[in-house]
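The values are calculated or read from the model by the stated rules, or taken from the named source; none is laboratory data. All values reported here derive from a predicted model rather than from experimental measurement. Cβ placement follows ideal geometry from the backbone for every residue including glycine, while neighbour counts extend to all protein chains displayed.
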Amino acid sequence: MRLSQHLRPVLDMLFPPRCVSCGRLGTFLCDTCLQEAQAIDARVCIHCGVPMTQRGQCPHCRIDPPTPLRAIRGVFFFQGPIRQGIHSLKYEGRHELAPILARPLAQYLHDHPIPLDFIVPVPLHPERQAQRGYNQSALLARALGRLRHLPVHEHALQRIRATQSQTHLSRQERLANVRGAFAATENLKNARVLLVDDVATTGATLRACAQALQQAGATHIWALTVARAHPPYPIEVQMGNNTRIPP
Ligand SMILES: [Zn+2]
Ligand SMILES: [Zn+2]
């Protein structure tokens, strides 16, 4: 545990919790900001969950659906208070944001029940985790597990290869970058698993995780993230008017 974690109670007394988005005192992400956060509605690609103007398959999934994932869903657009909350959880050591951001995930599972045996967080590479001191996805998974009374197999997956940042990579490059980067550490025969992460963009990382889970025997694999980022890469497939991804 890093020194900052020991100092936190003292710092909280001197500098009480403030909403990372609006600055309101009392919590790290207030209910008003959470309610104002833009949720992704039902108009998404049925496979990869990318927002569209109507429900159906996105052009990518028509050609290459994210198998073995049954589906990927993100609760919010990656912007505004949600983006600030995730940033603070990930880079500023604000662990307190995990249970707050896990609440909408729990609500999603309540509204869209999935038969699940346990939750698995997307792992960080051990070096990255040592630098950061924690894995934000594991914090979210633990909080979600508590809220939904589901076991969390925190170490069922490990990242066996460090990967370069995906930020400036195309979709195809992202898929290649993370392929084979994960391995399961336990027998998952017939398991029904929910992968949890903070943000998905193309879903390439989630898909690589799902492939490792499937190799270990998992039969049903879904993925749920707090946010869905707009793909920053140029859309490579010509889209009809009905399947335009919002700008
Ligand atoms: Zn607020
Ligand atoms: Zn899709």
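Odds and ends about this structure:
- Flag for ARG94 being over 29 Å from PRO113 (Cβ atoms) and within 15 Å of ligand 1 (Cβ to nearest atom): yes
- For region 173-195, the tally of residues that are farther than 10 Å from CYS209 by Cβ and in contact (Cβ under 8 Å) with a residue 60 or more places away in the chain stands at 3.
- Matching entry among GLY80, GLY74, GLY93 (being crowded, with 18+ Cβ neighbours inside 10 Å and either of a type outside the set (D, E, K, R) or on the phi > 0 side of the Ramachandran plot (or both)): GLY74
- Considering residues of region 29-43 that are at pLDDT below 95 and in contact with a Lys or Arg (Cβ under 7 Å, 6 or more places away or on another chain) only, the residue surrounded by the most Cβ atoms within 10 Å (Cβ to Cβ): ILE40
- Matching option when the condition is under 16 Å from the mean Cα position of the chain (by Cα), more than 15 Å from ligand 2 (Cβ to nearest atom) and either part of a helix (DSSP H, G or I) or more than 19 Å from LEU139 (Cα to Cα) (or both), among ILE82, ILE72: ILE82
- For region 1-24, the candidate set comprises residues that are surrounded by 10 or more Cβ atoms within 10 Å (Cβ to Cβ) and modelled with pLDDT of 80 or more; within that set, the residue that is nearest to ASN135 (Cα to Cα) is VAL20.
- Residues being in contact (Cβ under 8 Å) with a residue 24 or more places away in the chain, part of a loop (DSSP other than H, G, I, E, B) and within 16 Å of ligand 2 (Cβ to nearest atom) - total across region 21-56: 9
- If you check ARG70, ARG62, ARG83, ARG55 for being over 30 Å from GLN131 (Cβ atoms) and at pLDDT 95 or above, only one passes: ARG70.
- Region 52-97 - residue that is touching a Lys or Arg at 6+ places or on another chain (Cβ under 7 Å) and aliphatic (A, V, I, L, M) and, of those, nearest to ILE40 (Cα to Cα): MET52
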